[in-house]
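Written below as structure tokens is the structure these notes are about.
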Amino acid sequence: MDMNGWTGYMLKVDLTRRKAIIDKYDDLLKIMFIGGRGFAAKVLWDHLPVGVDPLSSGNKLVIAGGPLTGLPIPSSGKIVLASKSPLTYGYGDGSIGGLAAVYMRRGGYDMVVVEGRAEKLSILVIDNSKVEVQIREDLRGLSTSETESELKEEYGRSIGVLSIGVAGENLVRYANVISQSGRAGGRTGIGAVMGSKNLKAVVFMGEGDIPVANFKNLEKLACESYHTIVKLSNYSFWIRQGTMSTIEWSQENAVLPCMNFREGVFEYAEDIGGYAMEGMRVGRRGCPYCNAKCGNIVEDSYGFQSELDYENVAMLGANIGLGDLRKVAALTRFADEAGVDTISLGNVIGFAFEASEKRLIDEQYEWGVFDDALTLAEDIVNRRGVGDLLADGVRIASSKIPGSEEWAMHVKGLEISGYDCHSAPGMALAYGTSPIGAHHKDAWIISWEVKNDRLGYTNAKVSKLIELQRIRGGIFESLTVCRLPWVELGFELRWYKDFFESATGLRLSLDDFFEVADRIYTLIRAFWVREMGGWSPMLDYPPARWFKEPTTRGPFKGIALDEDRYRWMLHLYYERRGWSDTGIPRRSTMMRLGLSSEVDLIGKIVKIED
Ligand code: PTT
Ligand code: SF4
């Protein structure tokens, strides 16, 4: 059966042998996993050797789109980048917007899987069905924007580029991948995986048509949906501030991380918030096919252009005590050029500042001092001095700095994104159970929690969390389109069912999509269990600081998480997911979700319950 929406092809590239094969993949994958994250999880499960070193040539980089990626509908220019993570040693992925998504699909591929290691620094050029691995030592040490400009000079402007900076080349474990000077993806260390493969960049060119079941209908829907989006009530404010208004929201609700997540309020929040940004803004950027572009461009303290989003400012501003937005922008630009994740970088700098304050390291840093932060960031991406240790992330660094474990702010090795959870148990559980480590992508439950039941540890929160994971981490990551029109503007979910039907010819209900989402979550959990050789609920806990050290200021002063009640919610979460008390998927759950061959393998590694 020919199915539309998907091209049906994957490109497999072996960098060691400099060989590429175009392969038709099994149709069943489309129905069972849809695309993007679903495809990546299945490919990594099926083809990655158990226990592989994430920075060895045996690891694989998966670049995957879904059936809506690159179609002319709102915010479809996104792809998933996935690998075994060098930061967590478990499943890792990230989403990145840009022309790479569009040209990969127009070039004829739903996914590209890269394995091996090039002998010398190389680029991968995918020009429709012509694929080439080129040695490009001349690009070594170039920033991501220099790399992209150089490649545009050579290949023209109609290309999509994914590139790494020096952080990826130097195997900083939280190096990410950058595109179009401000699109950033793969905070789980996908940039380091590319670096370990000597892969400086991937260039996509594609002129083909993406097969669609009912193009007329899709066109009509696209037209209606673009019009609908601009009429949504929050649209004009979103266009003004994008994610930056979350700074004020987080401050008001006392969840803005401050001083390495000690507090949830920051005295200079107003100076780094959405309104301050508006006064400085010189432009707006974003992803292809989006009419709600949210990348805010400002001039940094050196006069260069930099893109500001909430996470960048929360983590490289409030969390390190820096209240000057132009200087925060300079740190963000540094991160973009070096190709390092701003969230982890903000965590690591906060961690180092605290270690210095407590005299656990010899280096002297001070909260809020820009020069200290920049020097440290430079040391990290170049792996110099203490930067070498910090380039491995807070989990590894804290294991070598006695006395720092309780305030190494991570879950499963991935540093926490921008929400303090002393007084947000639902968000703490979202971080605890996210399938990649502490990231808000899968469930930004905090907005619901603040409105509905701030401090409760309840059944309803667990249900809401799973619902959000199914929609955000399941539907959006597998259709592989941007979720922000839905999250921020209230663009309704029903549109995506209609887009899906026009693209593929298949009508799925919300419950059908949820089943796919549950399959993906369970497979990813099985992957973690396989790679860890077992599981402990402690791996699903947030850091000790939030339980043991109440905040000292703001409206929730004196509050900390309650460990017993957190444990109760976690166990309820396991039960709802059909996982055992120790967090391992049950045999019956895996069978129900059609993961029978996976059950056999996992059963050889750990004892699984019925
Ligand atoms: C994402 C994480 C985020 S989430 C931000 S800001 W955010 C940080 N941005 C960085 C950056 O910038 N430079 C840098 N060097 N590192 C950065 N690390 C951080 O990375 C981004 C938007 C945003 S802005 C968000 S929430 C939404 N995320 C989506 C998602 O995850 N899936 C999806 N289907 N749609 C999404 N839409 C939104 O995309 P990671 P982008 Mg990103 C400068 O990658 O690894 O998932 O980490 O993709 O194209 O930049 O768009 O307030
Ligand atoms: Fe990209 Fe922002 Fe548009 Fe989403 S809303 S597609 S992140 S520009």
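The values are calculated or read from the model by the stated rules, or taken from the named source; none is laboratory data. Treat the numbers as computed from the prediction; the structure is a model and nothing was measured. No Cβ is skipped: glycine too gets one built from the backbone with ideal geometry, and neighbour counts run over all protein chains shown.
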Among the listed residues Ala314, Ala408, Ala318, Ala329, identify the single one that is more than 16 Å from ligand 1 (Cβ to nearest atom), outside the structural domain of Glu146 (by TED's automatic domain parsing) and buried (at least 24 other Cβ atoms within 10 Å of the Cβ).
Ala408
Condition check: modelled with pLDDT of 95 or more, of a type in the set (D, E, K, R) and either within 14 Å of ligand 1 (Cβ to nearest atom) or crowded, with 22+ Cβ neighbours inside 10 Å (or both). Does Asp300 satisfy that?
yes
Applying the selection to region 468-488, what residues are of a type in the set (A, V, I, L, M, F, W, C), surrounded by fewer than 24 Cβ atoms within 10 Å (Cβ to Cβ), in contact (Cβ under 8 Å) with a residue 40 or more places away in the chain and in a helix (DSSP H, G or I)?
Ile471, Leu484, Val487
Step by step: first the residues of region 538-561, then only those that are without any contact (Cβ under 8 Å) to a residue 60 or more places away in the chain and surrounded by 15 or more Cβ atoms within 10 Å (Cβ to Cβ), then the one that is nearest to Ser398 (Cα to Cα). Which residue is that?
Phe547
Just a yes or no: is a residue in region 193-212 in a helix (DSSP H, G or I), farther than 20 Å from Cys287 by Cβ and within 13 Å of ligand 1 (Cβ to nearest atom)?
yes
Identify, please: which residue in region 208-249 is closer than 22 Å to Met10 by Cα and in contact with a Ser or Thr (Cβ under 9 Å, 6 or more places away or on another chain) and is, among those, surrounded by the most Cβ atoms within 10 Å (Cβ to Cβ)?
Ile210
Just a yes or no: is a residue in region 18-39 assigned by TED's automatic domain parsing to the domain that holds Val131, buried (at least 21 other Cβ atoms within 10 Å of the Cβ), farther than 23 Å from Pro67 by Cβ and touching a Lys or Arg at 6+ places or on another chain (Cβ under 7 Å)?
no
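Among the candidates Ser502, Ser478, which residue alone is polar (S, T, N, Q), closer than 17 Å to Leu71 by Cβ, more than 22 Å from the chain's Cα centre (by Cα) and not assigned by TED's automatic domain parsing to the domain that holds Trp407?
Result of the check over Ser502, Ser478: Ser502.
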With Ser83, Ser95, Ser75 as the choices, which residue is of a type in the set (Ser, Thr, Tyr) and away from ligand 2 (no atom under 16 Å from the Cβ)?
Ser83
Would you point out which residue out of Tyr431, Tyr457 is hydroxyl-bearing (Ser, Thr, Tyr), touching a residue at least 60 places away in the same chain (Cβ under 8 Å), away from ligand 2 (no atom under 16 Å from the Cβ) and more than 22 Å from Ser85 (Cβ to Cβ)?
Tyr457
Residue among Ile343, Ile361, Ile380, Ile349 that alone is more than 22 Å from Ser417 (Cα to Cα) and of a type in the set (A, V, I, L, M, F, W, C)
Ile361
Hey, any hits in region 263-272 for a residue that's buried (at least 20 other Cβ atoms within 10 Å of the Cβ), acidic (Asp, Glu), more than 16 Å from ligand 2 (Cβ to nearest atom) and at pLDDT 95 or above?
yes
Taking the condition over 21 Å from Gly185 (Cβ atoms) and either buried (at least 21 other Cβ atoms within 10 Å of the Cβ) or within 16 Å of ligand 1 (Cβ to nearest atom) (or both), does Ala391 pass?
no
Does Ala438 satisfy the condition of being hydrophobic (A, V, I, L, M, F, W, C) and outside the structural domain of Asp324 (by TED's automatic domain parsing)?
yes
What about Met3, is it in contact with a Lys or Arg (Cβ under 7 Å, 6 or more places away or on another chain) and not charged (D, E, K, R)?
yes
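The rows are residues; the columns are (1) touching a helix residue (DSSP H, G or I) at 6+ places or on another chain (Cβ under 6 Å); (2) closer than 25 Å to Gly195 by Cα.
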{"site": "Gly317", "(1), (2)": "yes, no"}
{"site": "Gly321", "(1), (2)": "no, no"}
{"site": "Leu331", "(1), (2)": "yes, yes"}
{"site": "Gly339", "(1), (2)": "yes, yes"}
{"site": "Ser344", "(1), (2)": "no, yes"}
{"site": "Ile349", "(1), (2)": "yes, yes"}
{"site": "Ser356", "(1), (2)": "no, no"}
{"site": "Ala373", "(1), (2)": "yes, yes"}
Cβ-Cβ under 8 Å pairs, at least 6 apart or on other chains, region 583-610 side under 18 Å from Gly51 (Cα atoms), far side in a helix (DSSP H, G or I) and among the small types (Gly, Ala, Ser):
Glu598/Ala526; Ile602/Ala526
For region 52-72, state whether one or more residues are in a loop (DSSP other than H, G, I, E, B), free of Cβ contacts under 8 Å to residues at least 12 places away in the same chain, away from ligand 2 (no atom under 16 Å from the Cβ) and not polar (S, T, N, Q).
yes
Can you work out which of the residues in region 66-86 that are buried (at least 21 other Cβ atoms within 10 Å of the Cβ) and more than 11 Å from ligand 1 (Cβ to nearest atom) is farthest from Ile475 (Cα to Cα)?
Pro86
Could you run through region 288-315 and say how many residues are polar (S, T, N, Q) and more than 12 Å from ligand 2 (Cβ to nearest atom)?
4
Search result, residues across region 162-211 that are at negative phi, of a type outside the set (Lys, Arg) and within 16 Å of ligand 2 (Cβ to nearest atom):
Leu162, Asn176, Val177, Ile178, Ser179, Ala184, Gly185
Do we find a residue being touching a Cys at 6+ places or on another chain (Cβ under 8 Å) and modelled with pLDDT of 95 or more anywhere in region 549-571?
yes
